[in-house]
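Here's the structure, in structure tokens; my notes come after.
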Amino acid sequence: MSERRVELEVLRYNPETDREPHFQRYSVDCPEEWVVLDALNHVKENVDPTLSYRWSCHMAVCGSCGMMINGEPRLACKSFLREYPGTIRVEPLAHFPVERDLVTVIDDFMAKLKRVKPYLIPKEEKPVDAGEYLQTPAELKRYKQYTLCINCMLCYAACPEYGLIPKFIGPAAIALAHRYNQDSRDGGREERQQEIAATEGVWECSFTGACSEVCPEHVDPAAALQQVKIKSTVDWYKEHLMPWLKK
Amino acid sequence: MGKSNKPIVWGPFAGGGTLTAFLTPVLILLTLLAALGHPPELLAYERLRAFAGYGIVKVLVVGVVFLSLWSAAHRLRITCYDLGIRADTLVAGVLYVAALMGTLASALFLMRL
Amino acid sequence: MAEEVRRRPYVREETWRWIFRHPRYLRYMAREFSCLFIGAWTLLLVWGLKQLSEGPAAWSAFLASLKSPASIAFHLVALGFAAYHSITWFRLTPKALPLQLGEAFVPDGVISGAHYAAWAALSFAVLYLAGAF
């Protein structure tokens, strides 16, 4: 097991004492196989206990440790030191206000998730003794990939439109809505359309595709967004050009 | 929040993007060949005039011009915003009107044939 | 008892320089810029229609003007950008229009491939019908 001296440049910000964020350097002797999160944990435990950041599972399922690593949105627990031969610059996830050090303010994101009604809204109320909802493997496959989102917000950090337009509801929220819209047990699409087919819904997306590129779970939110755009457009033309068609 | 009317603008953009993806490269190639001194036979005055004389051809050409100019205008509008130009309504107005004027012009010229 | 921390979130403003953050953003910009050339060529088409409608002399002048070095350079660049638009558009088509047959989705490569093939066939047909060769 060999070691490497890693130079970390970490953005620090203390809201009580700092006017602005600034970088702080740490030199850490790291085993080769470590990830950036391990290096940060080492700093916090042995060098500077004031360093603040979110993390939990250390295995890329909880979505807590999203940060900018050398300018790219990454999960710190999935960013191997061997990928970064030089100095490693660690900053809070882009496009979110900085609470403290690497901790971002995620209230906006949490509110957006709620707005898309991310729960099954059945077409008809069914009493419990009527039994389970049945679903074929094909029906499951139709929405399965969109269930994989771990709410890590890397897609929001990567999305230039979200960076320019904070009101944009964003990739993960729309992919989440799509997950329910595509679920055969659900009948709530029209309710969700009020949010995601609004101007600040899918229409701020310009199909940059960065969201899908950085997604650690291969959800492919960009695909969900384009599918929502097409369906919403077809609906609009049907509603306006053929109003006699019943939904 | 309420559903947006963006589809009015996005529908022709998507149609135009698809059309230009299939058609524009080869059309550019036709005028490129003319530029290089080997014009395709269709670009000879008599042949082109006859071809453009058909009503259906005129309709299709106006359609191609509209979808091409509209999708270019829409993309340019987004690009302006991406590059920091905040006056979106103004930019959109100018660009969409330009696309419509180009379409109208093509229709007028074709009607003269 | 814990002390109260004063919150003062720091907002990092986004500038247009975001396009330089990663090659993917430059590729996106290149794709977007293709609209300038496609739009410009279409305006050239409209201009050509005008010249065509004004008679053989005007049309000859138009064809002659196409032969200038500036025009040739424009055509080469426009062709490159238009092709880039096509390539990116067809690469993204399966994302927007996924096709589920039975349980499985038709692979993206098949949908894109079919579009590329149709693009090639159509282009060949147009060249042939226009008497380019």
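The values are calculated or read from the model by the stated rules, or taken from the named source; none is laboratory data. Keep in mind that what you see is a predicted model, and the values were worked out from it rather than measured. Cβ coordinates were reconstructed from backbone atoms using ideal geometry, including for glycine residues, and neighbour counts include every protein chain displayed.
Among the residues of region B:44-67 satisfying the criterion of being more than 19 Å from C:A40 (Cβ to Cβ) and aliphatic (A, V, I, L, M), which is surrounded by the fewest Cβ atoms within 10 Å (Cβ to Cβ)? The extreme case among them is B:I56.
A count restricted to region B:27-37 and to residues that are within 21 Å of C:G55 (Cα to Cα) and either touching a strand residue (DSSP E or B) at 6+ places or on another chain (Cβ under 9 Å) or not β-branched (V, I, T) (or both) stands at 4. Only one entry of A:E125, A:E191, A:E161 meets the criterion of being out of contact with any Ser or Thr (no Cβ under 8 Å at 6 or more places or on another chain) and part of a helix (DSSP H, G or I), and that entry is A:E191. Tallying residues that are of a type in the set (S, T, Y) and either in a helix (DSSP H, G or I) or in contact with a Cys (Cβ under 9 Å, 6 or more places away or on another chain) (or both) within region A:128-158 yields 4.
Conditions tested, residue by residue: (1) among the acidic types (D, E); (2) at pLDDT 95 or above; (3) crowded, with 16+ Cβ neighbours inside 10 Å.
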site	(1), (2), (3)
A:G131	no, no, no
A:Y146	no, yes, yes
A:R179	no, yes, yes
A:Q194	no, yes, no
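Count of region C:66-79 residues, restricted to those that are small (G, A, S) and either at the interface with another protein chain (Cβ under 9 Å from one of its Cβ atoms) or touching a residue at least 40 places away in the same chain (Cβ under 8 Å) (or both), is 3. On the basis of being surrounded by 15 or more Cβ atoms within 10 Å (Cβ to Cβ) and more than 7 Å from chain B (Cβ to nearest Cβ), does C:I87 make the cut? Yes, satisfied. Given the condition surrounded by 21 or more Cβ atoms within 10 Å (Cβ to Cβ), touching a helix residue (DSSP H, G or I) at 6+ places or on another chain (Cβ under 9 Å) and more than 23 Å from A:C155 (Cα to Cα), answer yes or no: does some residue in region A:35-52 qualify? Yes, region A:35-52 has at least one match. Remark: pairs (first residue in region A:1-12, farther than 19 Å from A:L51 by Cβ; second residue among the β-branched types (V, I, T); Cβ separation under 9 Å; 6+ apart in sequence or on different chains) are absent.
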